[in-house]
Amino acid sequence: MTGTEFVAQLIAENEELLARIDAPAESRPSERSDPQSFDTLATLMKMALKNEMEAAEIAAEWVATTPELDAKVALACHAGDEARHYELVEAQARSMAIQLDGFHPLDPPSPVLSYLRTLNSTVERVAAALVAREAMGGRRNAQFLAFLEQAGHGELAAVYREVINPDEDRHHRNGCALLARLATTAAAQEAARRAARGLLETGDRVRTAALRQTGASVIPGC
Ligand SMILES: [Fe+2]
Ligand SMILES: [Fe+2]
């Protein structure tokens, strides 16, 4: 199978899995949390900040240990984009008077960041962080955007609609093109598939726990 054929197959497999595991949940308001409340929005925005910072962090960590020049450049650009997303969401959080003192987005690392740190080859990294994670993040951010529009958070919604969501789509597409060039052997394709699957399963566990904790029907991606 060529790299291009493999990536088309991998995208279809990922989409099939995501359609099953990543649909918006029933919102389940508990005594502690109301999905439409300020506290819930603050929790979701901190989750968004954590995701963006972790995406920037892992891409930056990998720049120095990725020998392929095209992948190195893609990761460096990716780190910059995700850091920019962090800045944009942080500015919105501050303008909404969401308290960020003592907020440490990388402490502790999420299971997704810990999983990504176990990946040592470029095909695994690109398959997990760019192809799979950006597909998952794009899907979650589309759901988060709809939630923000419905809840009347117009300025934050505009940031997602105009900057973050188009960037995540581009990250995914660039990752797919890169993986098609890199994953040209059966062994590389198998490693890429395993890494993508591992990322999506880890992301699903994180989402399930977050939905339970917040009572919200959606969570932001990265
Ligand atoms: Fe992204
Ligand atoms: Fe992002």
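Read the figures in this text as sums done on the coordinates, not as results from a lab. Treat the numbers as computed from the prediction; the structure is a model and nothing was measured. Quick reminder, even Gly has a Cβ in these numbers, built from the backbone with ideal geometry, and neighbours come from all protein chains shown.
Of the residues making up the range 170-188, those that are of a type in the set (S, T, N, Q) and either closer than 24 Å to residue 82 by Cα or within 16 Å of ligand 2 (Cβ to nearest atom) (or both) number 1.
Filtered by the rule that a residue be within 13 Å of ligand 2 (Cβ to nearest atom) and among the hydroxyl-bearing types (Ser, Thr, Tyr), the range 122-153 gives no residues. Only a single criterion out of (1) hydroxyl-bearing (Ser, Thr, Tyr); (2) within 15 Å of ligand 2 (Cβ to nearest atom); (3) in contact (Cβ under 8 Å) with a residue 40 or more places away in the chain is not satisfied by residue 86, namely (3).
Considered as a group, the residues in the range 47-73 that are within 16 Å of the chain's Cα centre (by Cα), away from ligand 2 (no atom under 11 Å from the Cβ) and in contact (Cβ under 8 Å) with a residue 60 or more places away in the chain include one that is nearest to residue 113 (Cα to Cα), and that residue is 58. Every test in (1) farther than 23 Å from residue 189 by Cβ; (2) away from ligand 2 (no atom under 15 Å from the Cβ); (3) not β-branched (Val, Ile, Thr) is passed by residue 119 save one, and that test is (1).
Against the list (1) within 17 Å of the chain's Cα centre (by Cα); (2) buried (at least 23 other Cβ atoms within 10 Å of the Cβ), the condition residue 123 fails is (1). Of all residues in the range 156-185, those satisfying the criterion of being crowded, with 21+ Cβ neighbours inside 10 Å and either outside any helix (DSSP H, G or I) or hydroxyl-bearing (Ser, Thr, Tyr) (or both) are 160, 183. Does residue 54 meet the test of being of a type outside the set (Lys, Arg) and touching a helix residue (DSSP H, G or I) at 6+ places or on another chain (Cβ under 7 Å)? Yes, satisfied.
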